[in-house]
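The values are calculated or read from the model by the stated rules, or taken from the named source; none is laboratory data. The structure displayed is predicted, hence computed values, not measured ones. Every residue, glycine as well, gets a Cβ built from its backbone with ideal geometry; the counts of neighbours run over all protein chains shown.
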């Protein structure tokens, strides 16, 4: 499946009661997305479909026990499954967005400094 063996492949799984949603990322690009039933048979087939990608890891959030069958089935097939704390995942996502904003600000400041453009902080009105 994976044409470039040096490519980084990650699998993301969102677990729901009746099914799991699967996203395959190769070099941070979405390669494939699909849904499968959360049954032993369907998850065994999923594992066989994922193995040729040689993923570095399969990541999913802990979902109050619904993930146990998924983790057990994919791990038994030899996949490196990582169950993540949902709060930490959300915190990381928020931090990434903040980092992106800070990076844009730093880039703008660097451009101003390089071009010797004078800049002034605009006074912030104080609400009454």
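Before we move on, is residue 123 modelled with pLDDT under 85 and in a loop (DSSP other than H, G, I, E, B)? Taking the combined requirement at face value, the residue satisfies it. Those strands (runs of 3 or more DSSP E) of segment 1-112 in which at least 1 residues are surrounded by 13 or more Cβ atoms within 10 Å (Cβ to Cβ), modelled with pLDDT of 80 or more and more than 13 Å from the chain's Cα centre (by Cα), considering only elements entirely within it, cover 9-15, 19-26, 29-37, 81-84.
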